Amino acid sequence: MEQQYLQGNYRLIQKRNLAKNIYDFTIEAKEMADIAQAGQFVHLRVAGFMLRRPISICEIDRDAGALRLVFEVRGEGTAVLANLIEGQLVDVLGPLGKGFTLLSPDSQAVVVGGGIGTPPMLETAKHYGKNATAITGFRSANAVILQEDFQRIGSSVMLCTDDGTMGAKGFVTQALRTRLMESHADIIYACGPHAMLKGIVELAREFGVRCEVSLEERMGCGVGACLVCACKTVKDGEEYYAHVCKDGPVFPAEELIWE
């Protein structure tokens, strides 16, 4: 099935600064909100730059016809984005990519986010509400985001920081092992750095839990036409290079080959 996506200029209706260099945009885009899924992303055009910037969808508000995007300033392009003001129009292409597979809302789900990999976990956890456990990891207390949001939707929250300045000191993989030893989980969703994802996939395999991961890669076009975001995968015993933007960013854990 060919992917359905839109492109247009949409109004930035709310902008907040969540932590150092981390911004929270709400964009009025009813047609996109109607078809967007948890785990998808949008591609934003930045004035003066040829390539668009991929930003994960953090929340979908179909009633208000809005998309919430949370991103980190990582270079000149995202710095320009961060300077937009409420009321301005943003050129958005989306929703793009393959999102997460959502099971019945009464399933037990664990969502794991590392740093700026945390935003796409919110919409995913929202589907399960009180049946979701949100495990999030950050470098330090000053980088922690979205904890109140996970609490708002009723999910259990396990927070980790590398330096122990907030939550438990340690990595999300330690918290995930604790959670899986305590009670049953039907599925694990994860997004964050590769080393973290690799550890999560190994834990999912050890405990026999279905797992899907969202990969963060540099992208060119966002629709599978260029080859910038290729990643090595295996399907039916055959190895092949998939496009993170079109075949992903979400992949079943068993299909990924970790270099």
Q | Members of segment 86-106 that are surrounded by fewer than 16 Cβ atoms within 10 Å (Cβ to Cβ) and small (G, A, S) | A | G87, S104
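Considering only residues that are within 23 Å of G248 (Cβ to Cβ), assigned to a strand (DSSP E or B) and of a type in the set (S, T, Y), which ones fall in segment 99-137?
The initial filter retains those residues of segment 99-137 that are within 23 Å of G248 (Cβ to Cβ), namely 99-103, 107, 109-128, 132, 134-137.
So of that shortlist, the ones also assigned to a strand (DSSP E or B) come out as 109-114, 132, 134-137.
T136 - this is the single residue of segment 99-137 that is within 23 Å of G248 (Cβ to Cβ), assigned to a strand (DSSP E or B) and of a type in the set (S, T, Y).
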Q: Quick one: in segment 76-98, of everything that is in contact (Cβ under 8 Å) with a residue 40 or more places away in the chain and in a loop (DSSP other than H, G, I, E, B), which residue is farthest from E28 (Cα to Cα)?
A: G97
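Here, each number is a calculation from the coordinates, and none is a lab measurement. Because the structure is a prediction, the values reported are computed rather than measured. Ideal geometry is used to build each Cβ from the backbone, glycine not excepted, and the neighbour counts take in all protein chains shown.
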